[in-house]
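Reviewing the structure listed below.
Where a number appears in this text, it was derived from the coordinates with a stated rule and is not lab data. Bear in mind that the values here come from a model prediction, so they are computed numbers and not experimental data. Cβ coordinates were reconstructed from backbone atoms using ideal geometry, including for glycine residues, and neighbour counts include every protein chain displayed.
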Amino acid sequence: MNIARAAGYSCTGPYDVPNVKGDSLCVYTNHPIGSAMRGFGMPEIHWAIEQVMDLLAERTGIDAAEFRRRNCVRTGDVILTGMTMPQSDLVACIDKVTQAIGWGNPTTPSAANKRRGKGIAIMWKAPAMPPNPGSSAIVRFNEDATLNVYIGGQELGQGAFTVAAQMAAEALGIPYEWVRVSANPVDTKYSPYEWQTVASRITWSMGNAVKAAAEDARAKVLDIVARYWNEDPADLDIKNGIVVSYRSEREQPLQKMVVYGLPNENFEGWQGGPIVGSGKFMPTYVTGLDPETGQGTRAVVHYTVGAQAVDLEVDTETGAIEILKIASAYDVGKAINPDLVMTQIEGGAVHGMSSAFEELRFDKAGRPLNGSFVDYKIATAKDAPRAIQGDIVETPLEDGPWGARGVGEHVMVQTAPAIANALYAATGVRFTDLPLSSEKVYLAMNPEGPELSCELPAKDSPGA
């Protein structure tokens, strides 16, 4: 029911709708459980919302992209829960994807039996979680000034360990190559606490904890060196693994001193010792939702917004759809690792495209008919678009590490409706349910049905 709840408090989609009442209803069935998957309720509602917005644009005679520019949510808008929209720039995302596919420019189909169309869809998604999910991190220096980072967030292939190392290095002022994220599997027995590796929150939440832990260690290093030099810590900095003084221009390498410390004057004892930093983060400002009104001053931590545009062709003889290009742009706040963001965007485009064509079928008793990947078809490299273009918008988030916000789930939320909108542009047929199978598309374009020959070959013919 958390998925239905998340869909409820985001039910306007990324639009400024000043008058709205929304209900979300979770229904129990005897079908296989519908549970958490990439997007957590957002692909389902955006499938409807983004086609409705195209219909509204058509009825009002406004270009579909321009309609979204005029009506999309902006920083400072009061959204449906009564919360003020945090920093974001959805218009910039729309501009980037429309430019990428040549929106408004006529295109010619590749063959006489093909029809070509372009479509656009936008999205938003907030991390779906309670008001008090926490993150924690520990950093520990070794004698050679290399750094071990201990976290509770799990590496699932999304690059969590990579960005954790980058953020620790940046906050401390040491080379990235000096940082090692705890190599052992994350285990609640010895790993720092992390609420969950879900909700596209790791870079944002765990990142804040890593940054805090690194800054804690940095402050301890500067305090030791300041006392050693009899200077003010405010005049010191760490650059490329060396403590420097802007006042006296002295330098102190981190090697050895981050474990063994530094001697007092005349070598009368030592100060310092092994440097260990700890940090934590919890969004204490989140208020949750009133169970009666659905209102909250800060109902969620933030929203990530984005846009996608699709260029496709439809074969009128078979109903087959070929995706020529998907252009995507998301406001990530700050791209800690732009290459990782781009891989999320590219993979999400294929994942989202696949969701438009996948189907779990049931018999009359509700039993799955295609319950394995032999029969349940998903998109492969062969089905991927000819071109995938990703773009990044950076509007720093007030509570993100260096302004960063997550972008893991968002990149496939609006792909299916973008395809459906492009399909309508190509065929003039509006599809309100999935999947967009070749059979369904063909029959919709040919409602009278094909002219089929019932003549059978002779028994002795080669084709019998």
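Listed by Cβ neighbour count within 10 Å, with the fewest neighbours leading, Met53, Met282, Met37, Met85 appear as Met37, Met282, Met85, Met53.
In this rough spin-label picture, where each label sits 7 Å from Cα along the Cβ direction, the Val20-Glu398 distance is 2.0 nm.
Taking θ as phi - 60° and the Karplus parameters 6.51, -1.76 and 1.60, the scalar couplings of the stretch 285-293 work out to 8, 6, 9, x, 10, 5, x, 8, 9 Hz in sequence order, x denoting glycine and proline.
On the beta carbon distance between Tyr28 and Asp63, with R0 = 41 Å, the FRET formula returns roughly 0.45. Could you tally the net charge around Ala168, taking each other residue with its Cβ under 13 Å from the Cβ of Ala168, Lys/Arg +1 and Asp/Glu -1? Charge balance in the 13 Å sphere: 0.
This model, with +1 at the C-beta of Lys and Arg and -1 at the C-beta of Asp and Glu, gives the stretch 135-281 a dipole about its Cα centre of some 420 debye. Among beta bridges identified by DSSP and lying wholly in the chain, the antiparallel ones come to about 80 percent. Length available on full extension from Leu56 to Ala234: 0.36 nm per residue minus the Cα-Cα distance, which gives 58.3 nm. Working from Cα pairs under 8 Å separated by at least six residues, relative contact order for the stretch 336-387 is 32 percent.
Taking amide H atoms as placed 1.01 Å from N in the peptide plane, the amide H of Gly261 lies under 5 Å from those of Gly273, each 5 or more residues away in sequence or on another chain. When the Cα convex hull of the stretch 52-164 is projected onto planes of every orientation, the mean area is 13.5 nm².
Computed 3J(HN,Hα) for the stretch 361-368, one whole-Hz value per residue from the Karplus formula 6.51 cos²θ - 1.76 cosθ + 1.60 where θ = phi - 60°, is 9, 10, 7, 5, 8, x, 8, x, glycine and proline marked x. Dipole orientation for the stretch 135-281: of the candidates Asn264, Thr203, Ala219, Thr203 has the Cα lying most toward the positive pole (charges on Cβ; Lys, Arg +1; Asp, Glu -1).
On the basis of the beta-carbon distance and an R0 of 22 Å, Asn105 and Arg430 show a calculated FRET efficiency of 0.40. Each Lys or Arg adds one and each Asp or Glu takes one away; over the other residues whose Cβ falls under 13 Å from the Cβ of Ile388, this sums to -2. Taking Cα atoms only, the orientation of helix 42-60 departs from the longest principal axis of the chain by about 60 degrees. By how many degrees, 0 to 90 and rounded to 10, does the Cα axis of helix 90-100 deviate from the longest principal axis of the chain? Its long axis makes an angle of about 60 degrees.
Between Lys364 and Tyr193, the distance separating the two model label sites (each 7 Å from Cα on the Cα→Cβ line) works out to 5.5 nm.
Expressed as a fraction of 2.2 N^0.38 Å, the value expected for a compact globular protein of N residues, the C-alpha radius of gyration of the stretch 82-235 is 1.53. Distant-in-sequence amide contacts of Gln389, defined by a placed amide H-H separation under 5 Å and a gap of 5 or more residues or a different chain, comprise Ile326, Ala327, Ser328.
On the principal axes of its alpha-carbon atoms, the chain has extents of 107, 60, 48 Å, going from largest to smallest. Axis of helix 160-172 versus longest Cα principal axis of the chain: the two differ by about 30°, to the nearest ten degrees.
Under 5 Å between amide hydrogens, built in the peptide plane, is the criterion, and for Val179 it picks out Leu147 among residues at least 5 positions away or on other chains. Can you tell me the relative contact order of the stretch 135-281? Whole percent, Cα pairs under 8 Å, sequence separation 6 or more. Dividing the mean separation by the residue count of the stretch 135-281 yields 33 percent.
Sorting the segments 148-156, 14-22 by their residues' average number of neighbouring beta-carbon atoms within 10 angstrom, most packed first, yields 148-156, 14-22.
Taking every Cα-Cα distance in the stretch 256-304 and sorting them into 5 Å bins from zero, the calculated P(r) comes out as 5, 15, 12, 11, 7, 6, 5, 7, 8, 8, 8, 5, 3, 1, 0 percent.
Checked against a 27 Å cut-off, the cross-linked pairs Lys21/Lys334; Lys125/Lys382; Lys189/Lys256; Lys125/Lys280 give Cα-Cα distances beyond that limit for Lys21/Lys334; Lys125/Lys382; Lys189/Lys256.
Please report the spacing between the Cα centers of the stretch 99-165 and the stretch 294-373 in Å, no decimals. A separation of 13 Å, based on Cα centres. Between Thr75 and Gln295, take the C-beta separation as r, use R0 = 22 Å, and let me know the FRET efficiency to the nearest 0.05. Plugging the Cβ-Cβ distance into 1/(1 + (r/R0)^6) gives 0.65.
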